[in-house]
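A short write-up of the structure that comes next.
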Amino acid sequence: MRNKDAWQPSKYSINRGKLKSSGDRGEVAVGSRLIAGRIAEFYERAIPRHVRGNLIDLGCGKIPLYPVYALCCDEAICTDWQINPQNYHHLDFVCNLADSLPLNDSTFDTVILADVLEHLPHPESLWREMGHLLAPGGKLLLTVPFSYGIHEAPHDYYRFTEFALRRYAEMAGFSLLELEPLGGSPEVLADFLGKHLSKIPLIGSRLAILMQSITQCSTSFGLGKKLSHHTSHAFPLGYSLVAQKI
């Protein structure tokens with residue numbers, strides 16, 4: 001990543017040593033804090049366990065995961081498909097992820113693809129590219145939404161089931177190590193209601209924050225955690241995946 005010293009937190013922040021969803025409404029909408037928190041939990045756990053060597057962050061946006069994976073990799077290459085003035089000076093190069101990437105095969109030990117796949121009109125092409133980019137034994141860390149509203153329109157094309165993700169991974173020459181839902185029915189309902197409540201003038205945002213905070217807490221232990229787990233395969237909020245290049 002270029003200009004590392006100028007990097008600033010965006011979607012996530014480090015709070016008491018934990019990766020958390022940002023409280024900045026300009027970075028994470030009030031109605032999206034719950035899913036952002038679930039995604040943060042996954043990457044906080046998975047990055048130290050799986051990231052190593054040379055890493056590429058595809059569709060990196062403002063590079064919100066940089067402070068976590070920078071501690072685990074030798075070099076981080078950051079690329080995105082749009083020139084955003086807020087991240088352009090950090091990007092190593094700009095490219096359209098729907099096209100062939102200008103990189104040699106077996107160049108990387110780790111690929112990060114965080115909430116990007118749904119924005120590609122032909123996702124199978126990127127799966128093939130990731131298979132080429134990774135060296136044998138290299139790992140892919142990926143998250144995608146599922147029960148989630150349209151975002152970044154008009155470039156929002158797909159929602160992937162666990163079966164589609166498994167199929168794409170296998171076709172691209174990956175062995176699945178992890179494929180888990182990000183939340184179940186409680187999280188889906190809280191996300192849906194939070195997005196609608198946040199539109200109510202004056203009190204809506206406060207109600208949305210309160211409801212999502214209660215859901216985040218109640219699904220972390222006891223009956224709430226069991227309910228989330230037992231409903232997650234039928235009603236996932238999103239998915240996290242770790243796969244290894246064969």
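Brief remarks on what is shown
- From the options Glu27, Glu41, residue that is under 20 Å from Thr215 (Cβ atoms) and acidic (Asp, Glu): Glu41
- The listed residue being more than 18 Å from Leu113 (Cβ to Cβ), at pLDDT 95 or above and aliphatic (A, V, I, L, M), out of Ala243, Ala234, Ala169: Ala234
- Filtered by the rule that a residue be of a type in the set (A, V, I, L, M, F, W, C), closer than 22 Å to Gly183 by Cα and touching a residue at least 12 places away in the same chain (Cβ under 8 Å), the range 102-158 gives Ile112, Leu113, Ala114, Val116, Leu117, Leu140, Leu141, Leu142, Val144, Phe146.
The values are calculated or read from the model by the stated rules, or taken from the named source; none is laboratory data. This structure is a prediction, so every number in the text was calculated from the model and none was measured. Positions of Cβ are backbone-derived with ideal geometry, glycine not excepted, and every protein chain shown enters the neighbour counts.
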